[in-house]
Amino acid sequence: MLDDLFAVVEERKETLPEGSYTTSLFTHEKGENAVLEKLGEEATEIVLAAKDDDDEELAHEAADFVYHLLVLLSMKGMSLDDLRAELEERR
Ligand SMILES: N=c1c2ncn([C@@H]3O[C@H](COP(=O)(O)OP(=O)(O)OP(=O)(O)O)[C@@H](O)[C@H]3O)c2ncn1[C@@H]1O[C@H](COP(=O)(O)O)[C@@H](O)[C@H]1O
């Protein structure tokens, strides 16, 4: 599932379809700073949701965070394999 989402992100980066939120992140319309800001905001929202024991909100914000993290990895020319390799090293 993460691989499917990452493939969509990579496809948006390649084709830049109009009207796509992901496209707006890969262009000057929003750009890398917007992705970094979102990650910061969502990290805070994750912490608050956890503190409030709000599972629904926690899942919502975690999903937002993961999506923006995949966009950032793609922006940096990285992939899920880089993440997997790092996690594997820790086993
Ligand atoms: N997973 C996501 C995804 N998660 C979050 N977002 C967008 O991220 C934006 C910013 O999130 P915010 O937290 O500011 O927005 P919010 O949820 O309204 O605000 P809060 O409630 O969190 O405060 C919103 O416009 C969301 O729509 C996403 N946009 C796209 N995707 C995936 O990417 C695919 C391609 O999307 P497009 O590029 O738009 O075609 C989609 O089919 C989805 O699978």
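The values are calculated or read from the model by the stated rules, or taken from the named source; none is laboratory data. The model shown is predicted, which means the values in this text are computed figures rather than measured ones. Cβ atoms come from the backbone with ideal geometry, glycine included; neighbour counts cover every protein chain shown. Note: accessible area is taken over every heavy atom of the protein model, side chains too, but ligands, DNA and RNA are not part of it. Shrake-Rupley method; radii C 1.70, N 1.55, O 1.52, S 1.80 Å.
Would you calculate a helix-derived [θ] at 222 nm for the chain, using -39,500 (n - 2.57) for each DSSP H run of n ≥ 4 and dividing by the full residue count, to the nearest 500?
That calculation yields -25000 deg cm²/dmol at 222 nm.
Just the accessible area per residue of segment 2-86, please: how many Å² with a 1.4 Å probe?
Ligands and nucleic acids excluded, the figure is 64 Å² per residue.
Counting other Cβ atoms within 10 Å, keep those with at most 14, restrict to DSSP loop, and tell me which GluC sites (Glu not before Pro) in segment 25-91 are left.
Answer by residue number: Glu29.
Using DSSP H assignments, which helices in the chain have an axial alpha-carbon span of 18 Å or above and a mean Kyte-Doolittle hydropathy of -0.5 or higher?
2-15, 32-51, 55-75
Compute the signed sum of charges (Lys and Arg +1, Asp and Glu -1) over the other residues within less than 15 Å, Cβ to Cβ, of Ala85.
-2
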